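Read through the structure below, which is laid out as structure tokens, and then see the notes.
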Amino acid sequence: MSKPVKKALVKPKPDPPVIDPYLPGSGNIGYRVSRYELDLEYKVASNRLSGTATITAVTLTALRSFTLDLADVLSVSKVRVNGRQPARFTTSNAKLRVTLATQLPAGAALVISVRYSGSPGPSETLWGEVGFEELSDGALVSGQPNGAPSWFPCDDHPAAKASYLIQISTDSPYRAVANGELVSRRVRAARTTWIYEQPEPTPTYLVTLQIGQYVTHRLPDTAVPINVVLPARLRPEFDRDFADQAAMMELFVRLFGPYPLTAGYTVLVTDDHLEIPLEAQGISIFGANHCDGTGGSERLIAHELAHQWFGNSVTVRRWRDIWLHEGFACYAEWLWSEHSGGPSAGEWAQHYHQKLAALPQDLLLADPGPADMFDDRVYKRGAMTLHLLRGQLGDDGFFTLLRDWTTRHRHGNASTDDFTGLAANYATVSLQPLWQAWLYSTALPPL
């Protein structure tokens with residue numbers, strides 16, 4: 001009788017570490033990126049994207065392998081690490097996995113070059129389609145919260161901020177718009193190459209690419225440069241709907257502190273309808289439906305501008321603290337209304353309190369859960385929390401706190417605890433009852 005064959009025990013592969021439980025598949029460990037340089041070509045008619053991403057990073061631990069986030073529809077043809085071919089690379093499940101020939105020590109320079117191509121499209125997520133999207137005549141990127149890998153390989157989570165150089169070549173009738181300052185524009189035959197430099201640290205989800213048959217102009221007499229990009233046919237409607245854009249900027253600089261970007265602010269209007277406007281670093285993107293000459297999008301214009309301070313410059317470390325973006329931008333809508341002769345912030349708080357009282361009382365503002373992170377209750381309850389804080393601190397204390405907040409965490413990341421801790425310095429009584437009722441309880445408190 002033969003002896004039974006002993007089967008070797010195969011150790012199961014450990015699950016990849018989760019950086020943020022709201023987006024468990026996003027983000028990577030072992031290194032920190034400081035800069036992305038994207039050299040891309042996009043063909044509008046065929047929706048074909050190709051190019052090279054050069055990523056400068058440093059290792060945080062000894063590394064033999066690492067991953068980058070990249071959509072499966074994009075094919076990688078070549079990878080180089082510090083100028084050398086790695087032992088192997090593979091792509092699957094929205095990850096590019098790279099194994100090095102030799103281990104790198106902690107603190108080592110890491111320059112990753114990825115050549116890739118494909119027909120990009122948005123990713124299906126819990127919040128709908130996110131990422132690179134074809135328009136009827138052009139393209140746009142809607143990156144929040146995890147759409148960046150739909151068009152370039154990256155370390156995709158909000159605390160991974162870096163600088164960017166974006167070079168994009170496309171058909172000459174089209175204008176390409178990306179983050180930062182336009183430093184070069186070269187026309188060669190039927191194609192134009194646009195080069196943008198974004199020096200301020202920026203999370204991947206706020207990096208954008210907008211391509212369309214646009215014209216551009218600059219708003220006159222603004223302390224912060226405001227550029228406008230839109231289809232020529234929408235210029236008259238824009239002049240009516242966005243007439244207060246410069247005044248909004250002036251108010252928010254006074255209330256929130258200096259505008260955080262050197263290249264100024266760009267308002268872009270697509271020729272397509274968009275369900276909601278989109279924020280990017282230094283850019284707000286509106287649909288043609290938000291620019292119809294009726295003035296109906298004024299609160300959205302204020303909201304997107306406010307994100308340049310709250311969300312884009314001061315960014316959450318974890319998505320559970322999303323109220324620090326949306327509650328603040330919503331409250332900025334109310335502040336603009338108050339300043340421009342509309343209902344006061346207190347009247348808006350009363351109005352939305354009545355509406356929220358009729359909705360389910362199951363949302364925890366400080367941790368709403370991934371399904372509800374963009375729920376309108378996060379926006380309105382966050383704004384109400386700030387209004388009650390303003391009542392506790394008084395206007396001088398409250399707006400001094402906001403300017404302190406945007407200064408301390410300029411181009412950085414912060415949490416709810418950071419904000420409540422800073423606010424305590426401006427209060428003469430304990431703010432814990434306020435935080436407990438509005439941030440850490442699900443029931444809607446009375447105003």
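The values are calculated or read from the model by the stated rules, or taken from the named source; none is laboratory data. Just so you know, these numbers come straight off a predicted model, no measurement behind them. Glycine also receives a Cβ, built like all others from the backbone with ideal geometry; neighbour counts cover every protein chain displayed.
Can S92 be described as closer than 16 Å to S119 by Cα, polar (S, T, N, Q), in contact (Cβ under 8 Å) with a residue 12 or more places away in the chain and loosely packed, with under 14 Cβ neighbours inside 10 Å? No, not satisfied.
Of the residues making up segment 19-47, those that are under 22 Å from G118 (Cα atoms) and not small (G, A, S) are Y36, E37, L38, D39, L40, E41, Y42, K43, V44, N47.
Taking the numbered list (1) closer than 30 Å to T125 by Cα; (2) over 20 Å from the mean Cα position of the chain (by Cα); (3) touching a residue at least 24 places away in the same chain (Cβ under 8 Å) in turn, H411 passes all entries but (2).
Taking segment 31-136 as the region of interest, the strands (runs of 3 or more DSSP E) fully inside it that hold 2 or more residues being of a type in the set (D, E, K, R) are 31-43, 63-69, 74-81, 95-104, 128-135.
Listed here are the residues, each with its yes/no results for (1) of a type outside the set (S, T, Y); (2) loosely packed, with under 14 Cβ neighbours inside 10 Å; (3) farther than 26 Å from T192 by Cα.
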{"position": "T59", "(1), (2), (3)": "no, no, yes"}
{"position": "V79", "(1), (2), (3)": "yes, no, yes"}
{"position": "R97", "(1), (2), (3)": "yes, no, yes"}
{"position": "E134", "(1), (2), (3)": "yes, no, no"}
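The C-beta contact set for segment 418-432 (first residue in contact (Cβ under 8 Å) with a residue 24 or more places away in the chain, second residue assigned to a loop (DSSP other than H, G, I, E, B) and of a type in the set (A, V, I, L, M), distance under 8 angstrom, 6+ apart or interchain) comprises A423/L431. Just to be sure, is A349 among the small types (G, A, S), crowded, with 20+ Cβ neighbours inside 10 Å and under 22 Å from Y22 (Cβ atoms)? Spelling it out, it is not the case that A349 is among the small types (G, A, S), crowded, with 20+ Cβ neighbours inside 10 Å and under 22 Å from Y22 (Cβ atoms). Every residue in segment 405-442 that is of a type in the set (A, V, I, L, M, F, W, C), surrounded by 12 or more Cβ atoms within 10 Å (Cβ to Cβ) and assigned to a loop (DSSP other than H, G, I, E, B), please. If the condition is that a residue be of a type in the set (A, V, I, L, M, F, W, C), surrounded by 12 or more Cβ atoms within 10 Å (Cβ to Cβ) and assigned to a loop (DSSP other than H, G, I, E, B), then A427, L431, L439 are the ones that fit. In segment 279-297, of all residues being of a type in the set (A, V, I, L, M) and buried (at least 23 other Cβ atoms within 10 Å of the Cβ), the one that is farthest from V141 (Cα to Cα) corresponds to I283. One residue alone among V207, V215, V177, V228 is surrounded by fewer than 19 Cβ atoms within 10 Å (Cβ to Cβ), of a type in the set (A, V, I, L, M) and at negative phi, and that residue is V215.
Consider segment 388-403 and keep the residues that are under 14 Å from F328 (Cβ atoms) and not hydrophobic (A, V, I, L, M, F, W, C). The one that is nearest to the chain's Cα centre (by Cα) is R403.
The C-beta contact set for segment 369-381 (first residue closer than 15 Å to L324 by Cβ, second residue surrounded by 21 or more Cβ atoms within 10 Å (Cβ to Cβ) and acidic (D, E), distance under 7 angstrom, 6+ apart or interchain) comprises V378/E326; Y379/E326. Taken together, the residues in segment 323-353 that are part of a helix (DSSP H, G or I) and small (G, A, S) amount to 7. Of the residues making up segment 316-349, just one is among the small types (G, A, S) and touching a strand residue (DSSP E or B) at 6+ places or on another chain (Cβ under 6 Å), namely A329.
For G147, indicate whether it is touching a strand residue (DSSP E or B) at 6+ places or on another chain (Cβ under 7 Å) and on the phi > 0 side of the Ramachandran plot. Criteria not met by G147.
Results for (1) assigned to a loop (DSSP other than H, G, I, E, B); (2) free of Cβ contacts under 8 Å to residues at least 40 places away in the same chain; (3) small (G, A, S), shown as yes or no for each residue.
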| position | (1), (2), (3) |
| --- | --- |
| Q210 | no, no, no |
| V224 | yes, no, no |
| V229 | no, no, no |
| R233 | no, yes, no |
| M249 | no, no, no |
| V253 | no, yes, no |
| Y259 | yes, no, no |
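Would you check if L300 is assigned to a helix (DSSP H, G or I) and surrounded by fewer than 24 Cβ atoms within 10 Å (Cβ to Cβ)? Judged against the criteria, L300 is a match.
Could you please let me know if D239 is of a type in the set (D, E), assigned to a loop (DSSP other than H, G, I, E, B) and surrounded by fewer than 19 Cβ atoms within 10 Å (Cβ to Cβ)? The answer is no for D239.
The number of residues in segment 426-445 that are in contact with a helix residue (DSSP H, G or I) (Cβ under 8 Å, 6 or more places away or on another chain) and closer than 17 Å to L386 by Cβ comes to 9. Answer yes or no: is there a residue in segment 255-264 that is farther than 30 Å from R191 by Cβ, aromatic (F, W, Y) and not assigned by TED's automatic domain parsing to the domain that holds A176. Scanning segment 255-264 turns up at least one residue that is farther than 30 Å from R191 by Cβ, aromatic (F, W, Y) and not assigned by TED's automatic domain parsing to the domain that holds A176. Would you confirm whether or not segment 358-365 contains a residue that is closer than 17 Å to Y440 by Cβ and either of a type in the set (D, E) or more than 28 Å from the chain's Cα centre (by Cα) (or both)? Yes: one or more hits.
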